[in-house]
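Visitor: Let me give you the structure first, and then I'll get to my questions.
The values are calculated or read from the model by the stated rules, or taken from the named source; none is laboratory data. None of these values were measured; they are calculated from a predicted model. Don't worry about glycine lacking a Cβ; one is built from the backbone with ideal geometry, like all the others, and counts go over all protein chains shown.
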Amino acid sequence: MELIIIIVSLILSLVVLPILWLMYKTRSPKEMEGIPGNLGWPIVGESFSFLSDFSSPSGIFSFMNKRQKRYGKVFKSFVLGRFTVFMTGREASKILLTGKDGIVSLNLFYTGQQVLGPTSLLQTTGEAHKRLRRLIAEPLSLDGLKKYFHFINTQAMVTLDQWEGKKVHVLEEASTFTLKVIGHMIMSLEPTGEEQEKFRSNFKIISSSFASLPFKLPGTAFHRGIKARDRMYEMLDSVILRRRNGQDFQQDFLESLIMKHSRKSDAQEDENKLTDKQLKDNVLTLLVAGHDTTTAALTWLIKFLEENPNVLEQLREEHREIIANRKSGTDLTWSEVNNMPYTAKVISETLRRATILPWFSRKASQDFEIDGFKVKKGWSLNLDVVSIHHDPKVFPDPYKFDPSRFDEHLRPFSFLGFGNGPRMCPGMNLAKVEIYVFIHHLVTRYKWRALEKDDSVQPTLVRMPKNKYPIIVESL
Ligand code: HEM
């Protein structure tokens, strides 16, 4: 144990601190003199207060709010090794999200960039980005998703069958459900068995390496993430090979991309073809972008329903009516899933209150001006979405969970649950279908009670309840 402490201290003092110091010195804070705010201590900046607020119940909102009161809607800071300008408000969100004239690009952490690979949709810009978006648009459209409905419905019921009379951690259950759905959708993975287990364990390691420290030494989360990514790519390689040899044919996401896929290099331009690398990087991107987000949304929604019995009753009414109006058959149908107006508002209100992606990160690709401040090329810019979602002028009594806020059409850029502009979430139909189906079976079968009153949040990029939300479930 002592040896481990000595090694960790050595690594910290010989490697981590000098690198952070270098990062601090090479990006001169002088450039940012025109922007209000405080860069905090040398090397660590304001990282400690950022991290401690990050995992508090109100999340980074308390970090933002304190500084917005002091400095206004635009302020600078130095957090997690980056000089960053935080911004909020509709004007900033319009400029940053529409990215007019390519003035910004997405700004992933270094570890995320390395794990996902250079051809990931998250790392492409301009025409290359548009092309990838076009390729994934069809299989993720409502029409394209219809063929997975039966699988999603069955998995929701199978998961919920296990809940009767039990104590469950909603976050874990939601995670298993959403991973089975996406594994099936992407490569027709069976919901149980050895392959599913391999897929799950590799995915978990990849996911937790995402915002880890950028040191690729054996034993670090980053190193484990890269290894797990390589194993995941081996799995994909063997599926792709089987498909190419005609040993296997499935109507899934991978198949639809393989049809648009070739071994030619990128230099041989072809609108409809992807290289092996692009194919794998983007399958992994969809997994990473789609899993934790949907898991978190489903968990928060179930939590908010328990805390707001009137909303739960109204929601249950909508789903009982669906069953009562059913003319033939006993099972949920695709057309019913596409007609759940109150549930749709409950989802939006969940995404507003929980703001599971609390900030959207961009990098300036050129110099420009925002809210009267000059921004320089290369700066990291973070849009504070929590403040936008809790602006009392747009959402009166902002901490109240009230789906009726979405009865009226909201002004653009005041609700960013799935983002906006060219990087708006391409997976939102899939996420909504999963939630509609799961919630339908949940509220028509069960009531539940929270076992802990703890509102702490995990310090991860996607906001999730720290205690995984344990509940006790009973049949209605
Ligand atoms: C409730 C669940 C989900 C939420 C709340 C959510 C939210 C978001 C948001 C806010 C963005 C924009 C971020 C930004 O502008 O920086 C985004 C982008 C993205 N989402 Fe989702 N998402 C969800 C589910 C999914 C699913 C199921 C998939 C895929 C199967 C997915 C794939 C993506 C991808 C690939 C991007 C990046 C798009 C681009 O850069 O062009 N998401 N998501």
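Visitor: Testing GLN114 on (1) under 20 Å from the mean Cα position of the chain (by Cα); (2) at pLDDT below 85, one condition comes back false. Which one is that?
Guide: Answer for GLN114: the failing condition is (2).
Visitor: Determine whether the stretch 202-215 contains at least one residue that is farther than 17 Å from GLN113 by Cβ, of a type outside the set (D, E, K, R) and part of a loop (DSSP other than H, G, I, E, B).
Guide: No.
Visitor: Which one is farthest from the ligand (Cβ to nearest atom) among residues in the stretch 349-378 that are surrounded by fewer than 18 Cβ atoms within 10 Å (Cβ to Cβ) and small (Gly, Ala, Ser)?
Guide: Among those residues, the one meeting the criterion is GLY372.
Visitor: Out of LEU97, LEU80, LEU39, LEU51, I need the residue that is crowded, with 20+ Cβ neighbours inside 10 Å and aliphatic (A, V, I, L, M). Which one? Break it down into steps so the answer makes sense when it comes.
Guide: Numbers: LEU80 fails: crowded, with 20+ Cβ neighbours inside 10 Å; LEU39 fails: crowded, with 20+ Cβ neighbours inside 10 Å; LEU51 fails: crowded, with 20+ Cβ neighbours inside 10 Å.
LEU97 is the lone residue from the list that is crowded, with 20+ Cβ neighbours inside 10 Å and aliphatic (A, V, I, L, M).
Visitor: Take the residues in the stretch 117-127 that are in a helix (DSSP H, G or I) and away from the ligand (no atom under 11 Å from the Cβ), then tell me which one is surrounded by the most Cβ atoms within 10 Å (Cβ to Cβ). Before you say what the answer is, go through the steps one by one.
Guide: The first filter runs over the stretch 117-127 and keeps only residues in a helix (DSSP H, G or I), leaving 121-123, 126-127.
Retained after the next criterion (residues that are away from the ligand (no atom under 11 Å from the Cβ)): 126-127.
Details: GLY126: 12, GLU127: 8.
Step by step, filter the stretch 117-127, then rank; the result is GLY126.
Visitor: In this structure, is PHE395 farther than 21 Å from LEU312 by Cβ, surrounded by 15 or more Cβ atoms within 10 Å (Cβ to Cβ), more than 16 Å from the chain's Cα centre (by Cα) and of a type in the set (A, V, I, L, M, F, W, C)?
Guide: No, not satisfied.
Visitor: So which residues in the stretch 446-469 are over 21 Å from ILE60 (Cα atoms), buried (at least 17 other Cβ atoms within 10 Å of the Cβ) and of a type outside the set (A, V, I, L, M)?
Guide: Across the stretch 446-469, the qualifying residue is only TRP448.
Visitor: On to the next question. Identify all residues within the stretch 161-182 that are within 13 Å of GLU434 (Cβ to Cβ) and touching a residue at least 60 places away in the same chain (Cβ under 8 Å); write none if there are none.
Guide: Within the stretch 161-182, ALA174, SER175, PHE177, THR178, LEU179, VAL181, ILE182 meet the criteria.
Visitor: Filter the stretch 404-429 down to residues that are in a helix (DSSP H, G or I) and hydrophobic (A, V, I, L, M, F, W, C) and give me whichever is farthest from ARG133 (Cα to Cα).
Guide: The qualifying residue farthest from ARG133 (Cα to Cα) is PHE406.
Visitor: Restricting to the stretch 132-162, name every residue that is within 15 Å of MET185 (Cβ to Cβ) and either more than 16 Å from the ligand (Cβ to nearest atom) or surrounded by 19 or more Cβ atoms within 10 Å (Cβ to Cβ) (or both).
Guide: ILE136, PRO139, LEU140, LEU145, TYR148, HIS150, ILE152, ASN153, THR154, GLN155, ALA156
Visitor: May I ask you to say which residue of LYS73, LYS25 is among the charged types (D, E, K, R) and modelled with pLDDT under 85?
Guide: LYS25
Visitor: While we're here: Residue pairs, Cβ under 8 Å, 6 or more apart or interchain, first in the stretch 403-423 and over 16 Å from VAL386 (Cα atoms) and within 12 Å of the ligand (Cβ to nearest atom), second assigned to a loop (DSSP other than H, G, I, E, B) and small (Gly, Ala, Ser). List them.
Guide: Every condition considered, the pairs that remain are GLY421/GLY99; PRO422/GLY99; ARG423/GLY99.
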